[in-house]
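The structure under discussion appears below in the form of structure tokens.
The values are calculated or read from the model by the stated rules, or taken from the named source; none is laboratory data. Just so we're clear, the structure is a prediction, and the values are computed from it rather than from any experiment. No Cβ is skipped: glycine too gets one built from the backbone with ideal geometry, and neighbour counts run over all protein chains shown.
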Ligand SMILES: C[S@@+](CC[C@H](N)C(=O)[O-])C[C@H]1O[C@@H](n2cnc3c(N)ncnc32)[C@H](O)[C@@H]1O
């Protein structure tokens, strides 16, 4: 018989090679719940196991190699729902939930037409579709693999989104009469790599994360220019941004002729979002 407490100690010690003690313990709690159906209470009561399931041992090996737990489970939470994820898509972040919340709160009107640029797992348009008042949603991404995941998420969560493949840097935007364009584009500068955890660097798609240091505003500039063809007059643009580039993006949007440009902070008081009106 294997003691859950002994196994818990063994696994959290292993994971402390790359995680803090607190992070390692939370990961083991999460694994036990997922693979063994055991909760904290069961560990406290020191339940026993006859044998360790092979998928649990494999998950520990992958975690020690730095794979994010969401990729191991193939799912990640976002705004109260579970989204399928794979290494082809960015793991949805808490800040992006805040961006989505802002859009929902500021736009109660029925039937809005909304485009998400760089949709990844589809977490933004699917959540907006399910939380807003009968909107019409479109999502684009350069990555076919990401779009397949986004389509599956829409199907699983019973949301209707029109997804299409498009390279925003090269292709024209043929969407018209949009009320809202939202984007969480790649915004991490290569020079910021050393500040990132190895599990993000080694496992999340670089296509979703990085932009070159010599032009960190590339996506914001192109999107704000192309959005003008797709937005209705009075339509809104929402961006998630690199907290270090707030002022530059405000200036860019003012130069492009947008009005009411505002910089917003996340729950940690960091400059993370920009909203503007066309
Ligand atoms: C930071 S991720 C955001 C993913 C998702 N919207 C989210 O918030 O979790 C950026 C996304 O932009 C996509 N992307 C990168 N370059 C692109 C391009 N040139 N045209 C369209 N999409 C692009 C990536 O594939 C990735 O899915």
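What the table below lists for this structure:
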{"read-out": "Residue list for region 166-189, restricted to those being free of Cβ contacts under 8 Å to residues at least 40 places away in the same chain and within 12 Å of residue 116 (Cα to Cα)", "value": "166"}
{"read-out": "Helices (runs of 4 or more DSSP H) contained in region 1-66 and holding at least 3 residues at pLDDT 95 or above and outside the structural domain of residue 198 (by TED's automatic domain parsing)", "value": "4-15, 21-31, 54-64"}
{"read-out": "Residue 211, sole failed condition from (1) in contact (Cβ under 8 Å) with a residue 40 or more places away in the chain; (2) within 19 Å of residue 96 (Cβ to Cβ)", "value": "(1)"}
{"read-out": "Residue match in region 232-252 (condition: touching a helix residue (DSSP H, G or I) at 6+ places or on another chain (Cβ under 7 Å), assigned by TED's automatic domain parsing to the domain that holds residue 178, over 17 Å from residue 102 (Cα atoms) and in contact (Cβ under 8 Å) with a residue 24 or more places away in the chain)", "value": "yes"}
{"read-out": "Yes/no for residue 65 being away from the ligand (no atom under 16 Å from the Cβ) and touching a strand residue (DSSP E or B) at 6+ places or on another chain (Cβ under 9 Å)", "value": "no"}
{"read-out": "Qualifying residue in region 73-86 (condition: assigned to a helix (DSSP H, G or I) and not assigned by TED's automatic domain parsing to the domain that holds residue 159)", "value": "yes"}
{"read-out": "Boolean, residue 214 is in the same structural domain as residue 116 (by TED's automatic domain parsing) and modelled with pLDDT under 95", "value": "yes"}
{"read-out": "Tally of residues being farther than 24 Å from residue 143 by Cβ and either touching a residue at least 40 places away in the same chain (Cβ under 8 Å) or buried (at least 22 other Cβ atoms within 10 Å of the Cβ) (or both) across region 73-97", "value": "0"}
{"read-out": "Residue, nearest to residue 232 (Cα to Cα), within region 194-218, restricted to residues that are touching a strand residue (DSSP E or B) at 6+ places or on another chain (Cβ under 6 Å) and outside any strand (DSSP E or B)", "value": "218"}
{"read-out": "Residues satisfying the stated conditions in region 253-278, i.e. free of Cβ contacts under 8 Å to residues at least 24 places away in the same chain and either surrounded by 13 or more Cβ atoms within 10 Å (Cβ to Cβ) or assigned to a strand (DSSP E or B) (or both)", "value": "259, 260, 261, 262, 263, 265"}
{"read-out": "Region 93-127, residues that are on the phi < 0 side of the Ramachandran plot and in a loop (DSSP other than H, G, I, E, B)", "value": "93, 107, 108, 109, 110, 112, 119, 121"}
{"read-out": "Scan of region 84-110 for residues that are in contact with a strand residue (DSSP E or B) (Cβ under 7 Å, 6 or more places away or on another chain) and more than 13 Å from the ligand (Cβ to nearest atom), ordered by number", "value": "102, 107"}
{"read-out": "Of the criteria (1) in contact (Cβ under 8 Å) with a residue 40 or more places away in the chain; (2) assigned to a loop (DSSP other than H, G, I, E, B); (3) more than 14 Å from the ligand (Cβ to nearest atom), which one residue 130 fails", "value": "(2)"}
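This table checks each residue for (1) more than 15 Å from the ligand (Cβ to nearest atom); (2) in a loop (DSSP other than H, G, I, E, B).
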position	(1), (2)
168	no, yes
171	no, yes
179	yes, no
185	no, yes
192	no, no
